[in-house]
Structures are given as C-alpha cells and as structure tokens.
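For reference, the structure discussed in these notes is given below.
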Amino acid sequence: MSADQEAQEDELLALASIYDEDEFRRAESGKEGEIHLCLELPPSFKLLVKGQTSTEHHVSFLPPLVLSFEFPADYPSASAPLFTISSKWLRRAQITALCRRLDELWEENQGNVVLFTWMQFLKEETLDFLGIQSPLEIQSLESQPQCESGPKQAVEVPGEKSKDLDARAVQEVDARTDILTQLLDFDEAQKQKVFDGKVFCCGICYSEKLGSDSLLFKECQHVYCKACMKEYFQIQIRDGKVQCLNCPEPKCMSMATPSQVKLLVGEDEFARYDRLLLQSSLDLMADVVYCPRMSCCMAVMVEPDSTMGICPACRYAFCTLCKRSYHGLSHCIVTADELRNLRDEYMSASEEGKKFLEKRFGRRVIQKAVEESFSTDWLKDNCKQCPCCGTNIQKVHGCNKMTCSSCQKYFCWICLGALSKVNPYSHFNNPGSPCYNQLFQGVEMDEEEGFGSDEDN
C-alpha cells in the first residue's frame, strides 16, 4: 500500500468514527463517498417566502449541503479530491463561491488530507462566508424556474451567467415540489429526531421517558408519555368528546393534531374520532343541515336564501326550517305542542326576529300562537279539569262539591276525586276522607251557602 493510499484509508476511517451514517457515507470502492452537512442556524432564524404574498417561517434546520468526493490516486501528495457540492436552497452562484473556497483551502493544505478541513468550513462558516442572515429569502413554486428534462437539474438563475458558474456547483430543484414544502418538512423531521433522543418527565404519571415514547403538544410544548395520552384519548373518543383532545395541563387549550391521535389509538377509535370531528365541523357551517329522516341523517348542503334541502343519499326533499316535507311557499305547519314555544320565541325576539318568524309561519299562526298560549296560561291558573271527562271547569263561588257542566258528574274541587251520585257530600263528612270537613275550605264567609244547597258549580 502506497503512502497516498494509506493516508486516504486513515482519513476515511477517522471520519467514519467521528460522524454517523446519516452524515458520512463511504462507497464500497473505498475511494469515494458523500458527506451531508447540516448547518448550525442562529436562534430565531426565519425563511422569507417571496411570491404573490410574502410570508415568514421560523426554522431550526435546513437541508444539508452534500459534498460528494472521489480520491484520485495521487491524493493527498499531489492532487486534490474531486468533488461536487449540491444544495436545495442555495443559488448556484453561492455554491460556486463555496467550491472556490474549498480550492483555496486545498492550496493552503496541499500535501495533507483535507476532507475534515472542508467539512468544518462548510458546517461552521458557510453562513458567514456567504453573508446569509435571517430572514433567508426563497422563491415560492410559482416563481421558481421550471425544469423540463428531469426532476433534479442545475438551474440557471436570472443574472447568473453560465460561464461564471462552477460545474461542480449543483442546485437540486424538484420542479414538482414547492421548495418551501421541502424546507419545512425537513425542519419538522429534524426537530422530531432531536426530540426523540431527549428524556422527558410525563406530567401525568411523572415517569421519565424518551421523546420517542412521548407526545409533544406543539402549541404549548407540554410533554406526556404516549401510554397516558393513549388512555386519555380513548376515553374522550368513547364519550364523544372529540373537541376535548387538548393538553391535560389545567387551563391549556393546545389541541392534539389528527396525526397524533391516529398514532396512538386503534383503527376503529380513530374512525369514530374522524367521523365525530367532521360532524362537529359541519354543525358550525350555516349552509349545512342534516336529513331529518332518522334512518338517514346525511349532511345536506343548502343553497343561500333557500329553505329547501334535498338529501344526496335518500333524495328526500324537506323544509330546512321545520324539517318536514318541503311545502314550497306555504307557511310551516305548527303543532299544538309547538305553539307555546313559538309564542315564547316570538315574544322574546327582536324586531328582525319577529319579522322572520312571521314570514316563516305566517302572521295568523303567530297571532293564534300568542292568543292560544295566553288562553292556556289563563286556564291553567283559573281552572281545573274534570276527573271524568277532562273539561276545564272554573269555580266562581260556592262550596267544593263541583258539578261538571259537560258530563254532569260530581267531583271534589280540592282533590279532584269523583263523588258519589247518591250522596256526594259523604266525601266531606267521612273522617277517613282526605277532604273531611273541608266542604267550604277556601270559601269566603259571605259566600257560604247552606249545607246541601242545590246551587253547585
């Protein structure tokens, strides 16, 4: 083995011991490989997206710079490694500047192994060398140059001349994917990787668990173990409280995402959660009602200013106001049980609300509801029903032995019990009766009539 071959092997072994497989990948041939370098971003680093509208996004990680290398036979004694630098978010002019800087570092260290020096420069000094500061401006999909010959190509940027660009500088652009999506997805994946490797104390069972066995509420950053959260989610879903899958911390309103719920609960439980969540969302939409047929209950979209709904499942046409069969321009029909509620709703409504109810039910129906409900209230306060036929009877004066004006049966005004036809007064004379000696109970003295008077009420 020559001195150059020995130096190459020692350098590759040293790099393999320092960096993990995600960062340093050596080819089987042993003379080439790839180095993936994630730059250390300053705190509160932002991306500025320029397009039809400008938006900012906080990121902690950006996709790595990829340094691909191959050792010539006379490296490091005479020749530098052959290399390319590729990036998804740097312009080719910027990558070209990095390539030239690596050439300078080789000139300064000629005769010595240089990969580690290159890696340290790219990892620690790239941002300062290129003058990159927060926010980093990137172009949205509609303003990115499009590739025609393949998904990943070196892309020319307006103002950058090909003759000034280094062939070793590669800008990886996927014409089918927005660069912002790629950057944000990578940032999220790296954050999850860092989270998985840390140890957290569950706020419920107080046991220490790795992040990979824990759940993070992203809005509030509270952490709980997956075992506790799984049981919590299952109970809430079983009880139909899909809007309550929030952080268990008191007064914290951070919500679990559907993907987090799906990760912990079973397939059937998630299907129930998904269905109830959709239904609760539809309930908040003014243009969505449900088919009134109990066997259907399908969600129905309603046209603006229309009172007709047609179920897409069973084709039932119904009035969206009264939920009965569609009746065209005719007013909604009100049952006797609904009249009292309609009176209360009308009396408490604003002027605009009263006009809507009059248009919906008709002014006559509203007037009838008000009059009949008041009549019902008066009858309830001043009359009692005959225990034999149910006729409303008003007691104007006299004793408590009553005669029904409809069926002519006798009954007691106090207990509403039916009285004997032969001797109705025995009910008041019998010591065992609940109304014993109460024939004139509640009757004023100047209205008292003689015992056995024929002037019954």
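The values are calculated or read from the model by the stated rules, or taken from the named source; none is laboratory data. Bear in mind that the values here come from a model prediction, so they are computed numbers and not experimental data. Here Cβ is always computed from backbone atoms with ideal geometry, including for glycine, and neighbour counts include all displayed protein chains. With ligands, DNA and RNA removed, areas are computed over all heavy atoms of the protein, side chains included. Shrake-Rupley method; radii C 1.70, N 1.55, O 1.52, S 1.80 Å.
For the reader, a short list of remarks on this structure follows.
- Filter pass, LEU183 being buried (at least 19 other Cβ atoms within 10 Å of the Cβ), out of contact with any Asp or Glu (no Cβ under 8 Å at 6 or more places or on another chain) and either β-branched (Val, Ile, Thr) or within 25 Å of SER68 (Cβ to Cβ) (or both): yes
- Of all residues in segment 240-262, those satisfying the criterion of being open to solvent by 60 Å² or more (accessible area, probe 1.4 Å) and not in a loop (DSSP other than H, G, I, E, B) are GLN243, MET255, PRO258, SER259, LYS262.
- Among the residues of segment 200-228, those identified as touching a strand residue (DSSP E or B) at 6+ places or on another chain (Cβ under 7 Å), closer than 13 Å to GLN260 by Cα and charged (D, E, K, R) are ASP213, LYS226.
- Flag if SER77 is polar (S, T, N, Q) and in a loop (DSSP other than H, G, I, E, B): yes
- Segments classed as strands (runs of 3 or more DSSP E), wholly inside segment 1-61, with at least 2 members that are touching a Lys or Arg at 6+ places or on another chain (Cβ under 7 Å) and buried (at least 16 other Cβ atoms within 10 Å of the Cβ): 32-37
- Extreme residue, farthest from the chain's Cα centre (by Cα), among residues of segment 80-98 that are outside any strand (DSSP E or B) and not hydrophobic (A, V, I, L, M, F, W, C): PRO81
- Screening ASN109 on (1) at pLDDT 80 or above; (2) surrounded by 16 or more Cβ atoms within 10 Å (Cβ to Cβ) shows it passes everything except condition (2).
- The single condition among (1) out of contact with any Gly (no Cβ under 8 Å at 6 or more places or on another chain); (2) open to solvent by less than 80 Å² (accessible area, probe 1.4 Å); (3) within 30 Å of CYS332 (Cα to Cα); (4) not polar (S, T, N, Q) that VAL302 does not meet is (1).
- Test: residue in segment 116-126 that is among the acidic types (Asp, Glu) and free of Cβ contacts under 8 Å to residues at least 12 places away in the same chain: yes
- Residue match in segment 221-244 (condition: out of contact with any Leu (no Cβ under 6 Å at 6 or more places or on another chain) and under 29 Å from ILE138 (Cβ atoms)): yes
- Any chance GLU34 is acidic (Asp, Glu), under 21 Å from LYS88 (Cβ atoms) and at pLDDT 85 or above: yes
- Restricting segment 186-239 to residues that are part of a loop (DSSP other than H, G, I, E, B) and surrounded by 17 or more Cβ atoms within 10 Å (Cβ to Cβ), the residue that is nearest to the chain's Cα centre (by Cα): PHE217
- Pick from segment 136-148, criterion buried (at least 16 other Cβ atoms within 10 Å of the Cβ) and in a loop (DSSP other than H, G, I, E, B), ranking: modelled with the highest pLDDT: SER140
- Within segment 323-348, the set of residues being surrounded by 14 or more Cβ atoms within 10 Å (Cβ to Cβ) and either at pLDDT 80 or above or small (Gly, Ala, Ser) (or both) comprises LYS323, TYR326, HIS327.
- Among residues that are without any contact (Cβ under 8 Å) to a residue 40 or more places away in the chain, touching a strand residue (DSSP E or B) at 6+ places or on another chain (Cβ under 6 Å), under 16 Å from LYS123 (Cα atoms) and open to solvent by 60 Å² or more (accessible area, probe 1.4 Å), GLU70 is not included.
- Matching residues in segment 309-319 - criterion: being in contact (Cβ under 8 Å) with a residue 12 or more places away in the chain, loosely packed, with under 15 Cβ neighbours inside 10 Å and of a type in the set (A, V, I, L, M, F, W, C): ALA313, CYS314
- Taken together, the residues in segment 99-130 that are among the hydroxyl-bearing types (Ser, Thr, Tyr) and either outside the structural domain of PHE83 (by the TED database) or not in a helix (DSSP H, G or I) (or both) amount to 0.
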